[in-house]
Amino acid sequence: MSYHLGLIGYPLEHSFSPRIHTAALRSCGLRGDYSLFPVALDDIQAIKNLLVRVRSNEIHGLNVTTPHKQNVIPLLDDLTPTAQAVGAVNTIYLKDKKILGDNTDAAGFLLDLTKLLDIHQSKIKNACAARKCRCRKSAMVLGAGGAARAVVHALLNDGWDVTITARRIEQAQHLANSITNRKLRITNYIDLRSSTFDLLVNTTPVGMAPNIDQSPWPGNLPFPSYSTIYDLVYNPRETKLVKDACSQGLYATSGLGMLIEQAALAFEIWTGHKPPREVMFHAVNQIAN
């Protein structure tokens, strides 16, 4: 069998996904390819055409990225419990003649974040001791789109206190309203100056190539002391947000680890094979630097 996989989104020129999944196919001894399907925000027909190819088994799996993680949902036959809870889809496949939407972003993010925090656990504990407080796991999430939904879902399930902010406050409110039985705080961008948190997660595309001189964090505003910064943007490898945080002595990382984790989980759904993460990472590590 030859697997035909791909990615829906816009823009896609800087995507690392073809390299990652091609490496995964080869490492698992599978034949196949991974294509980019750039689809503009309002081109719903193009998405429908791709889903026809999924239903006919011409395409065996699709990833979904910005700006289609939410607007693809009405076009699918059903959602997995995770995708339904998150309210966003990043993985599509055919099962029992139904086109299903899943979300591996949430699990992929948490897997990478957990590894990151395990490495720096002693630093975090020392920071809490210096502040004479308990490590209550407070997080600030920038953005309220499909990626933010996955991050918020993962953090809340892991016991974090989560606050979200977005330039369009109504979008943040809509996300908060969709969360049931969980407390999710909202703050305005202008109120970030007085905010304190242990973890900052950027889920917006601000700072992504080619706009590498931009940052989602307000200019001239220092980060709270002892915070960890996680930028979902992975191209460039060191975004302005990451550089600014490091210049203040904070630990900061890009989203390359999450990209690998979510891709590996999606690949396993499509093929039944577990690809080695190190092979997938090696495939993009050189071009990501």
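Since every read-out is calculated from the coordinates, none of them should be taken as a lab result. Predicted model only: the values in this text are computed from it and were never measured. We place every Cβ from the backbone using ideal geometry, glycine too, and count neighbours over all the protein chains shown.
Strictly over 29 Å apart at the Cα level, which of LYS95/LYS274; LYS95/LYS183; LYS48/LYS115; LYS98/LYS137; LYS183/LYS243 would you flag in this model?
Listed pairs above 29 Å: LYS95/LYS183; LYS48/LYS115; LYS98/LYS137; LYS183/LYS243.
State, to one decimal in nm, how far the label point of ASP191 lies from the label point of GLN214, with both points 7 Å from Cα in the Cβ direction.
2.5
Where does each of 47-58, 102-113 land if you order them by average Cβ count within 10 Å, highest first?
102-113, 47-58
Please build a GNM for the chain, connecting alpha carbons under 10 Å apart, and tell me which residue among GLN262, GLN45, GLN214 fluctuates the most.
Judging by the Gaussian network model, the answer is GLN45.
Rounded to whole Hz and in sequence order, give me ³J(HN,Hα) for segment 91-96 from the Karplus expression 6.51 cos²θ - 1.76 cosθ + 1.60, θ = phi - 60°, writing x for Gly and Pro.
Ordered by residue, 3J(HN,Hα) equals 9, 10, 7, 9, 9, 6 Hz.
Nothing charged except the Cβ atoms of Lys and Arg (+1) and of Asp and Glu (-1): what's the magnitude of the dipole of segment 107-254 about its Cα centre? Round to the nearest 20 debye.
Roughly 460 debye, rounded to the nearest 20.
Tell me, what HN-Hα J-couplings in whole Hz come from the Karplus equation 6.51 cos²θ - 1.76 cosθ + 1.60 at θ = phi - 60° for each residue of segment 224-239, using x for Gly and Pro?
x, 4, 6, 6, 9, 10, 10, 9, 5, 5, 10, 9, x, 4, 10, 6
For helix 277-288, what angle does its Cα long axis make with the longest principal axis of the chain, in degrees from 0 to 90 and rounded to 10?
Value to nearest ten degrees: 70.
As a check on your grasp of the helix formula, calculate [θ] at 222 nm for the chain: sum -39500 (n - 2.57) over DSSP H runs of n ≥ 4, divide by the residue count, round to the nearest 500.
-12000 deg cm²/dmol
Using the Cα centre as the reference, give the magnitude of the dipole from point charges on the C-beta atoms of the chain (Lys, Arg: +1; Asp, Glu: -1; all else neutral), rounded to the nearest 20 debye. List each step's numbers first, then the result.
On the way: 30 positive and 24 negative charges, 141 e Å.
Here the chain has a charge dipole of around 680 debye.
³J(HN,Hα) across segment 259-271 via Karplus (A = 6.51, B = -1.76, C = 1.60, θ = phi - 60°), whole Hz, x for Gly/Pro?
Whole-Hz 3J(HN,Hα) from phi for segment 259-271: 4, 5, 5, 5, 5, 5, 5, 5, 4, 5, 4, 6, 10.
Charges on Cβ only, +1 for Lys and Arg, -1 for Asp and Glu, centred on the Cα centroid of the chain; of ILE99, THR228, GLY6, which one is farthest towards the dipole's positive end?
Comparing the listed Cα positions along the dipole, THR228 ranks first.
Please find, in a Gaussian network model of the chain (springs between Cα atoms separated by less than 10 Å), the residue of ALA150, ALA264, ALA88 whose mean-square fluctuation is greatest.
Looking only at ALA150, ALA264, ALA88, the biggest GNM fluctuation is shown by ALA264.
Suppose we keep just the DSSP beta bridges with both residues in the chain; what percent of those would be antiparallel, to 5?
20
If you average the alpha carbon positions of segment 264-281 and of segment 137-179, how far apart do those two centres end up, in angstrom?
27
Got a sec? How would ASP198, ASP213 order by Cβ neighbour count within 10 Å, fewest to most?
Ordered by Cβ neighbours within 10 Å, fewest first: ASP213, ASP198.
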